[in-house]
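These notes are about the structure you will find just below.
No lab work stands behind these numbers, since they all come straight from the coordinates. In this text, all values refer to a predicted model and were calculated from it rather than measured experimentally. Cβ placement follows ideal geometry from the backbone for every residue including glycine, while neighbour counts extend to all protein chains displayed.
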Amino acid sequence: MKIAIVTLFYLAGSSVHAFSLGPSFLSAAEKAALRETAEKVATPGKGITACDEGPATIGGRFEAVGIDNSEETRRQYRQMLFTAPGCENYLSAAILDPETLYQKSDEGQLFPELLTERGIVPGIKPHLKIYTLPGTNGDTVM
């Protein structure tokens, strides 16, 4: 019989707490890194920004205001967001589109590195397909 691990994180007041069910498959260092990341993301008074629009989604928004939907324009837009003065005072994390992982600032710094330097945890939105669960009333899963 195999027992799976379930690690749950919850926010109580201004602290992040974790508890596990079952054996652990993470090393002590991996657990510490996961806890540190969760605590950074859950920083009281800060929020998470979703900058994960793909080229088609952001393209529709750009088109509506007369902006060209090129990779360079999207890079400049993201750079403006990530380098706004004081944004690190309000943001704990940023959800990024995969395209953003390889884009760089005008100074040649990768956006995930730029965010990390500013104390903002970069995350990635995977492109997942939505599936309808059999035997449900249309419930879906990614």
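Starting from the Cα of Lys40, draw a straight line to each of the aspartates and glutamates and keep only those under 18 Å, dropping any in the same chain fewer than 8 residues away.
Glu30, Glu88, Glu113, Glu117
Put a dot 7 Å past each Cα toward the Cβ at Glu63 and Ala84; how far apart are the dots in nm?
Label at Ala84, label at Glu63, 2.6 nm between them.
What is the sum of charges, Lys and Arg at +1 and Asp and Glu at -1, for the other residues whose Cβ falls under 13 Å from the Cβ of Gly119?
-2
Under 5 Å between amide hydrogens, which residues at least 5 positions from Leu91 or on another chain qualify, with H placed 1.01 Å from N in the peptide plane?
Gly47
Between Ala29 and Ile124, what is the spin-label point distance in nm, taking each point 7 Å from the Cα along the Cα→C-beta axis?
Computed distance between label sites Ala29 and Ile124 equals 2.1 nm.
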